[in-house]
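Colleague: Before I ask anything, let me first share the structure, which is written out below as structure tokens.
The values are calculated or read from the model by the stated rules, or taken from the named source; none is laboratory data. Keep in mind the model is a prediction, meaning the values are calculated, not measured. In this analysis, Cβ positions are derived from the backbone assuming ideal geometry, glycine residues included, and neighbour counts consider all displayed protein chains. Only protein heavy atoms, including side chains, enter the accessible area calculation; ligands, DNA and RNA are left aside. Shrake-Rupley method; radii C 1.70, N 1.55, O 1.52, S 1.80 Å.
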Amino acid sequence: MSQHFNYRHLYYFWVVAKEGGMSRAAARLDMAVQTVSAQVRELERSLGVQLLRPAGRGVALTEAGQRALQQAEVIFEAGEALPGLLRAGAAAAPTVRLALGISDTLPKLVVRHLVQPVLDTPGLRLVCHEQGFDDLLGNLAVHRLDLLLADRPAPPHAGLKVFSHAMGSSQLAWYGTPELAARARKRFPQGLADVPVLLPSANAAVRPHIDRWFAQRSLTPQVCGEFEDSALLKIFGAGGMGVFPAAELVNQQLLAQYGVQRIDALEGVMEHFYGISTERRVVHPLVRRMVAAADQA
């Protein structure tokens, strides 16, 4: 071990990178901002590289900082897990951590479908964070997440090195309670004008395609609700507030879980799913398994 390398300095850098700024890191460490900043500068001096650069009100990682953070994650996450492993005994199965970012517009039943290939992993510790797409991209960029699941690929961004992996797609169909489904099936699709309709919010990638589907059929829907969260949309739909679109990929789970009926397809409207990572060639074994399963589907 190098006598010139101080792991406490590395720990302060790790906290700053995880918190996204000196002030938040200082608050977490219960230290003065100046002290934390000085410790990180000392780490940069000992390594001979710049790890952080100013970015708005916070900081951003340089390329060297991203590599340092990856190593720090391994070191300190292993250190945090050590007491629990020792208490559990040497015979206990090792924990395999998978941190996923879930875009709030992505259907939750689809998330379950995408994660299914790794759920039987011994010792799995699945950590899911649900936020808006842009916030999750930022967390992915600083390696707080192993994979971001979303309904759109990552946009081109000179400051972000992220890569999009296609995870599948699904035709959409209309669903509703038995009463609303029966009314909507009459003269479909014109019958949709006779029932209340629930739609994903304008932030959902599929929403413009649904609006175009209505326009192409000269239909003006009675929109009585728009939802950012796809699970909420289904809950209100199952309660009879209106008919709603959903991915046919999870048709059986929809019928069983929400007690709704399929009305008919949104012909030509597809919802696409993506996994976004910081690596073109995925390294995390569970992420690699998820991507491979999606490729084979």
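Colleague: Roughly what would the spin-label model give for residue 216 and residue 272, points 7 Å off Cα along C-beta, in nm?
Modeller: With each label placed 7 Å out from Cα toward Cβ, I get 1.6 nm.
Colleague: Among DSSP beta bridges whose residues both lie in the chain, state the antiparallel percentage, nearest 5. Numbers along the way, then the final one.
Modeller: Details: 23 of 40 bridges.
Bridges in the chain are about 60 percent antiparallel.
Colleague: Among the complete DSSP H segments of the chain, which ones combine at least 20 Å of alpha-carbon extent along their axis with a mean Kyte-Doolittle hydropathy of -1.0 or more?
Modeller: On the way: long enough: 33-47 (21 Å, -0.22); 63-88 (37 Å, 0.05).
Sorted by number, the helices that extend far enough and score high enough are 33-47, 63-88.
Colleague: A further question on this structure: What FRET efficiency do you get for residue 8 and residue 265 if R0 is 51 Å and r is their Cβ-Cβ distance, rounded to the nearest 0.05?
Modeller: On the way: r = 60 Å, r/R0 = 1.17.
Once rounded, the FRET efficiency stands at 0.30.
Colleague: Quick check on segment 145-246: take the gyration tensor over C-alpha atoms, sort the square-rooted eigenvalues as a ≥ b ≥ c, and tell me if it's rounded (a/c under 1.5), prolate or oblate.
Modeller: Numbers: a/c = 2.69, a/b = 2.06, b/c = 1.31.
Prolate, because a/c is 1.5 or more and a/b exceeds b/c.
Colleague: Still on this model: So what is the 222 nm mean residue ellipticity for the chain from helices alone, if each DSSP H run of at least 4 adds -39500 (n - 2.57) and you divide by all residues, rounding to the nearest 500 deg cm²/dmol? Before the final figure, lay out the partial values.
Modeller: On the way: 11 runs with 126 residues, N = 297.
Computed mean residue ellipticity for the chain: -13000 deg cm²/dmol.
Colleague: While we're here: If you stretched the chain out fully between residue 62 and residue 126, how much longer would it get, using 0.36 nm times the residue separation minus the C-alpha to C-alpha distance? Each step should come with its number before you reach the end.
Modeller: Numbers: separation 64, 0.36 × 64 = 23.04 nm, distance 2.85 nm.
Difference between extended and current length: 20.2 nm.
Colleague: Given axes a ≥ b ≥ c from the Cα gyration tensor, I'd like to know whether the chain is rounded (a/c under 1.5), prolate (a/b larger than b/c) or oblate. Walk me through the numbers before you get to the answer.
Modeller: Values: a/c = 2.79, a/b = 2.13, b/c = 1.31.
In terms of gyration-tensor shape, prolate.
Colleague: So for segment 6-152, averaging the separation of alpha carbon pairs under 8 Å that are six or more residues apart and normalising by length, what relative contact order in percent results? Intermediate results must be reported in sequence, preceding the final value.
Modeller: Values: 167 pairs, mean separation 31.8, N = 147.
Reported relative contact order: 22 percent.
Colleague: Related question: So if each residue of separation counts as 0.36 nm, and I subtract the Cα-Cα distance between residue 119 and residue 42, what length gain in nm does that give?
Modeller: Values: separation 77, 0.36 × 77 = 27.72 nm, distance 4.23 nm.
Computed gain between residue 119 and residue 42 is 23.5 nm.
Colleague: Right, another one. Starting from the Cα-Cα distance between residue 283 and residue 77, subtract it from 0.36 nm times their residue separation and give me the gain in nm to one decimal.
Modeller: 72.4 nm
Colleague: Still on this structure: What percentage of the solvent-accessible surface of the chain, computed with a 1.4 Å probe over protein heavy atoms, is contributed by carbon and sulfur atoms?
Modeller: It is 52 percent, rounded to a whole number.
Colleague: Right, next: At 1.4 Å probe size, with every protein chain present, just tell me what the per residue accessible area of the chain comes to in Å². Could you put the intermediate results ahead of the total?
Modeller: On the way: 15310 Å² over 297 residues.
Result: 52 Å² per residue.
Colleague: List the residues whose amide H sits under 5 Å from the amide H of residue 130, counting only those 5 or more places along or on another chain, with H placed 1.01 Å from N in the peptide plane.
Modeller: When sequence neighbours closer than 5 places are left aside, the close amide H contacts are 102.
Colleague: Please list 255, 98 from largest to smallest accessible area, probe radius 1.4 Å, with all protein chains kept in place.
Modeller: On the way: 255 60, 98 0 Å².
Solvent-accessible surface, decreasing: 255, 98.
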